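Each remark here refers to the structure printed beneath this line.
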Amino acid sequence: MVGGRRLQYFVASAVSLATATLGMTSVWSTPVIHKLQNNGTNIEMSDNQVSWMLSLSPVGFMFGSLVTRFLCDRFGRRSTVLLSALPIATGTIIAATVNQAWMLLVTKLMWGFGTGMISMRPIEISEFI
């Protein structure tokens, strides 16, 4: 049973970290927008591109929450929470190595997808009956 308890601690830690990550990825764009618009970075983005970057996060959230239902059925809730780290980590790696504007769009899409996975609570059909 020790392995089961360790797994529970690991998953509980992952959920806590995921929740903190959810907040950080949500507010990340606030200080970055100012730098992008004032040429404070080596990336040139138009106002139109900035607005697209901001609007892609909810799109990713929607798809992430929809996919989570199927992942939970296939792999279980714990594994799905751990799988949510993949799109968030991918978005973070892209953000750290970004050199073109479209990469920031992909970053926000991936972060939104992972956030949707974290936030989704699978609902059983029996809860509605």
Inset, instruction - Determine, from the Cβ-Cβ distance of SER119 and HIS34 and an R0 of 22 Å, the FRET efficiency 1/(1 + (r/R0)^6), rounded to the nearest 0.05. - result: 0.20
Legend entry - Theoretical gain in end-to-end length, ASN48 to ILE93 [0.36 nm per residue, Cα-Cα removed]: 13.8 nm
Inset, instruction - Kindly write out, for region 91-99 in residue order, the coupling ³J(HN,Hα) from the Karplus curve 6.51 cos²θ - 1.76 cosθ + 1.60 (θ = phi - 60°), rounded to whole Hz, with x marking Gly and Pro. - result: x, 5, 5, 5, 4, 6, 10, 5, 9
Inset, instruction - Would you work out what percent of the accessible area of the chain, with all protein chains in place, is carbon or sulfur (probe 1.4 Å)? - result: 66
Legend entry - Normalised contact order of the chain, rounded percent, pairs of Cα under 8 Å and 6 or more residues apart: 33
Inset, instruction - With a/c under 1.5 counting as rounded, go ahead and sort the chain into rounded, prolate or oblate using the C-alpha gyration tensor (a ≥ b ≥ c being the square roots of the eigenvalues; past the cut-off, prolate if a/b is larger than b/c, else oblate). - result: prolate
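The values are calculated or read from the model by the stated rules, or taken from the named source; none is laboratory data. Please read all numbers here as calculations on a predicted model, not as lab measurements. Note: ideal-geometry Cβ built from the backbone for every residue, glycine included; neighbour counts use all protein chains shown. Only protein heavy atoms, including side chains, enter the accessible area calculation; ligands, DNA and RNA are left aside. Shrake-Rupley method; radii C 1.70, N 1.55, O 1.52, S 1.80 Å.
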